[in-house]
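Heads up: the structure comes next, in structure tokens.
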Amino acid sequence: MTAKRPLSVLNFELGTLIFVNTAKYKVHKNVDNRLELHIKMEKINLQEKLFLFDDYWNPRIAGELNGQYVKLVKFKGPFTWHHHESEDELFMVVKGRFRMDFREEASGQDEKARTVWLEEGEMIIVPRGIEHCPVAEEDCHVLLFEPVSTLNTGNTENELTRKELAKI
């Protein structure tokens with residue numbers, strides 16, 4: 001092709017062999033008998049996705065972009081103290097509220113703790129290496145944005161660790 005085309009639509013002449021992952025792309029014949037490849041872009045309704053599960057501290061994958069997962073999770077009660085050596089995390093409250101407790105060092109000493117409350121519509125980015133512990137007194141729905149490699153419990157492995165995440 002000599003002319004650049006938008007990324008959302010690529011045209012192919014008939015007879016071209018196309019291998020397509022149908023989960024991401026849709027191929028159909030154009031009115032002038034050319035095949036068009038459309039990248040599947042659909043909106044995601046966070047409330048509908050959050051309605052699909054009831055358990056706490058078990059993130060689900062709602063989307064993926066640029067090596068990052070968009071995850072949905074429900075919080076209730078305390079999580080576990082942990083940090084991530086290589087990944088930053090974004091937490092955004094969709095419904096409810098929670099607090100994020102921080103320790104300045106991964107030493108386990110509580111005397112240097114800091115607390116930030118997050119309300120509906122607010123978000124916080126936790127930089128890599130910062131020990132943190134989310135706590136929700138009531139049911140709280142949260143969107144997470146973090147690298148695909150991020151383990152929910154970071155450097156800590158326990159009964160709350162989820163190595164395999166479901167897609168919703």
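With the requirement that a residue be closer than 24 Å to K95 by Cβ and exposed (fewer than 13 other Cβ atoms within 10 Å of the Cβ), what does region 140-168 give you?
Of everything in region 140-168, those that are closer than 24 Å to K95 by Cβ and exposed (fewer than 13 other Cβ atoms within 10 Å of the Cβ) turn out to be A166, K167.
Let's see how each residue does on (1) within 13 Å of the chain's Cα centre (by Cα); (2) of a type in the set (S, T, N, Q); (3) assigned to a helix (DSSP H, G or I):
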| residue | (1), (2), (3) |
| --- | --- |
| G121 | no, no, no |
| I124 | no, no, no |
| P134 | no, no, no |
| E146 | yes, no, no |
| S149 | yes, yes, no |
| G154 | no, no, no |
| L160 | no, no, no |
| K163 | no, no, no |
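Per-residue answers, yes or no, for (1) modelled with pLDDT of 95 or more; (2) over 22 Å from L52 (Cβ atoms); (3) out of contact with any Ser or Thr (no Cβ under 7 Å at 6 or more places or on another chain):
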{"residue": "E89", "(1), (2), (3)": "yes, yes, no"}
{"residue": "E120", "(1), (2), (3)": "yes, no, yes"}
{"residue": "V126", "(1), (2), (3)": "yes, yes, yes"}
{"residue": "I130", "(1), (2), (3)": "yes, yes, yes"}
{"residue": "E138", "(1), (2), (3)": "yes, no, yes"}
{"residue": "V142", "(1), (2), (3)": "yes, no, yes"}
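Give region 53-96 a look and list any residue that's in a loop (DSSP other than H, G, I, E, B) and either surrounded by fewer than 18 Cβ atoms within 10 Å (Cβ to Cβ) or not assigned by TED's automatic domain parsing to the domain that holds G121 (or both), or say none.
F53, D54, D55, Y56, N58, N66, G67, T80, E85, S86, D88 - these are the residues of region 53-96 that are in a loop (DSSP other than H, G, I, E, B) and either surrounded by fewer than 18 Cβ atoms within 10 Å (Cβ to Cβ) or not assigned by TED's automatic domain parsing to the domain that holds G121 (or both).
Of the numbered conditions (1) within 14 Å of C140 (Cβ to Cβ); (2) in contact (Cβ under 8 Å) with a residue 24 or more places away in the chain, D55 satisfies every one except a single condition; which is it?
(2)
The values are calculated or read from the model by the stated rules, or taken from the named source; none is laboratory data. The structure presented is a predicted model; accordingly, all values stated were derived computationally and were not measured. As a convention, Cβ positions derive from the backbone with ideal geometry for all residues, glycine included, and neighbour counts pool all protein chains shown.
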